[in-house]
Ligand SMILES: [Zn+2]
Ligand SMILES: [Zn+2]
C-alpha cells in the first residue's frame with residue numbers, strides 16, 4: 001500500500017510499505033479521510049521519538065478485514081479510529097484515567113497511524129459511525145473530543161462565561177461546544193483574522209485580535225472581573241500568562257496548548273493564582289470511563305443532529321501523495337490553513 005512515512009526530523013516520504021494484515025483481536029480500516037493535526041506537524045518539524053513512523057490519528061474509513069476472534073459483522077461498517085491504546089490493566093486504567101496509563105500506545109505516534117491506505121488497530125479502538133456521516137467530518141471527531149474533554153475538566157455549566165485563547169482547530173471546537181452547552185458569553189482571541197471570522201461563524205459572541213487590542217482590558221469590558229472558565233489552546237507562553245487576568249476570582253483555567261519546554265513563567269503567576277484562588281487544570285487527550293468516554297459519544301450525537309459544524313473548519317482537501325509537499329510548506333510557514341483533509345484514494 002501507499003503510505004506517508006516520517007523517516008527523520010523534517011523528512012516525510014510518500015512510498016510503498018507492506019499492507020497490514022489484522023492479527024487476532026484486530027481489525028483493518030480502509031482509510032477514507034485523514035485530518036492533519038498540529039501534533040503531526042510538530043513531530044515533522046521538531047522531530048519525534050521513533051523512526052520510521054506512519055503519522056496520523058484523526059482517521060475515518062471502512063472496516064475491510066477482521067482478525068481471528070473478531071466478528072465478521074464489522075466488515076463494511078464505517079468507523080473512526082480511537083487513537084489511544086491503553087493497557088486496561090494498570091492502576092490508572094482501572095480508575096478510568098486512560099490517558100495516564102502506565103504503558104499506553106498511541107496510533108500515529110507510538111505505532112503506525114493513518115497516513116496510509118490501510119491501518120491496523122485493536123477491535124477496542126474502533127468507534128462505529130452512523131452510515132450517512134461524511135468521512136471528512138468523521139475525521140474531525142478526535143479534535144472535537146479534546147475540546148469536549150477540556151470543558152468537562154473545567155466543570156463548565158450552562159449559563160457560564162468563557163474565554164477561549166486561540167482559534168485553531170481545538171479553539172474552534174471549544175467555541176462550538178460552549179455554544180452547544182449553553183455558554184452565556186464566548187470571547188475568542190487569535191492573531192489571525194481568518195480564524196476569528198470562523199470563530200464568529202461557529203458561535204463566538206466577541207472576537208479579539210491581540211495585535212490590535214488589549215485583550216485583558218477588552219475582556220474586563222465585557223465580563224467585569226473575568227470569565228468563569230478560560231481555555232488555553234495556543235501553547236504560547238505570553239498567552240498562558242494572560243489566562244489569570246481574564247479569569248474571575250475562584251474561576252477555572254484549563255490548559256491544553258503544548259508549551260515550549262525551554263521557556264519559564266515568572267512566579268508572580270502562582271502569586272496571582274493564589275490571590276484569585278483560581279483552579280488551574282491540565283488536559284491531556286480526551287478519554288473518560290467507560291472507554292473512550294462521553295466525549296466521543298456526545299461528539300457523534302452532536303454531529304448527527306447537526307449542532308456540531310465541521311465543514312466550516314476545513315480549509316484544504318488534498319491527495320495523500322501531496323502530504324510531504326504540504327508539510328514542507330506548513331513547516332516553512334508558507335501555508336495559512338485551518339483543517340487539512342487528505343484522501344488516500346486520490347493518490348493514484
Ligand atoms: Zn490530534
Ligand atoms: Zn494502563
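Evaluated over the Cα positions of the range 307-348, the convex hull gives a direction-averaged projected area, one quarter of its surface, of 3.4 nm². Per-residue Cβ neighbour counts within 10 Å put 269, 115, 135, 264 in the sequence 264, 269, 135, 115, beginning with the fewest. Dividing the convex hull volume of the alpha carbon atoms of the range 240-348 by its residue count gives 194 Å³ per residue.
Largest first, the three principal axis extents of the alpha carbons in the range 144-282 are 38, 31, 28 Å in whole numbers.
Write down Rg/Rh for the range 210-290, rounded to two decimals, with Rg from the C-alpha atoms and Rh from the Kirkwood relation over Cα pairs.
Over the Cα atoms of the range 210-290, Rg/Rh equals 0.99.
For the range 161-182 versus the range 189-229, the inter-centroid distance based on Cα atoms is 11 Å.
For the residues 12, 267, 55, a GNM of the chain with alpha-carbon springs under 10 Å puts the largest fluctuation on 267.
The alpha carbon convex hull volume per residue for the range 84-140 rounds to 110 Å³. When Rg and the Kirkwood radius Rh are both evaluated on Cα atoms of the chain, their ratio Rg/Rh stands at 0.97. Of 132, 76, 23, which is the most mobile in a GNM of the chain whose springs link Cα atoms less than 10 angstrom apart? Evaluated over the chain, the most mobile residue of the options is 132. Stokes-Einstein diffusion of the range 1-102 at 4 °C, 1.567 mPa s viscosity, Kirkwood radius from Cα pairs, rounded to a whole number: 83 µm²/s. Compare 260, 52, 83 in a GNM of the chain, Cα atoms joined below 10 Å, and give the one with the largest fluctuation. Comparing 260, 52, 83 in the GNM, the peak value goes to 260.
Where a number appears in this text, it was derived from the coordinates with a stated rule and is not lab data. Predicted model, so just to flag it, every value in this text is computed and none were measured. Neighbour counts run over all protein chains shown; Cβ positions are idealised from the backbone, glycine included.
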